[in-house]
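This report concerns only the one structure given below.
The values are calculated or read from the model by the stated rules, or taken from the named source; none is laboratory data. Note that the coordinates shown come from a computational prediction; the quantities given were computed from them, not determined experimentally. Positions of Cβ are backbone-derived with ideal geometry, glycine not excepted, and every protein chain shown enters the neighbour counts. To get the accessible areas, we keep the full protein, side chains included, count just its heavy atoms, and leave off ligands, DNA and RNA. Shrake-Rupley method; radii C 1.70, N 1.55, O 1.52, S 1.80 Å.
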Amino acid sequence: VVEMPAAIAVTLSISSSKITLSTDGASVSPFSIATSVTITVTLYFEDETTQDYTYDTRTLYTVRKDGISNNFLEMAPNGGADNTAALFSNVTLESTPEIVYIDVSFPGTNRLNAT
């Protein structure tokens, strides 16, 4: 029997704090706002080791629906990686930025989760 150390913490890193549509002028220079965001997931264990869970099949990425006026963000756009998010192409952007939450969990394996 192999015993694994318990996971005690999780951190998320995102590639950009803002995204826009690829057809938006803000996506090109001089603004160069990203058109997608990638999430990196790191688990910390009680034996002081870490492990990258970004592409682990047990990692679940979910766009939180509460408090959002419309559904405008999709995970794994165009069949991409599960840790990538982008705006749906038919979204109409408002002048006021919206905050979107992406929950990361590990169903059936770890009780940790992060947003």
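Some points to look at:
- Solvent-accessible area of region 36-97 (1.4 angstrom probe, protein heavy atoms only): carbon and sulfur portion equals 46 percent.
- In the calculated pair-distance distribution of the chain, the portion above 22 angstrom amounts to 40 percent of the Cα-Cα pairs.
- Stretched out straight at 0.36 nm per residue, the stretch from VAL63 to THR109 would grow longer than its current Cα-Cα span by 14.5 nm.
- What the Cα atoms of region 3-58 give is an Rg and a Dmax of 16.6, 53 Å.
- Accessible area (Å², per residue) of region 1-106, counting only protein heavy atoms and a probe of 1.4 Å: 66
- Placing unit charges on the Cβ atoms only, positive for Lys and Arg and negative for Asp and Glu, gives the chain a dipole magnitude near 300 debye about its Cα centre.
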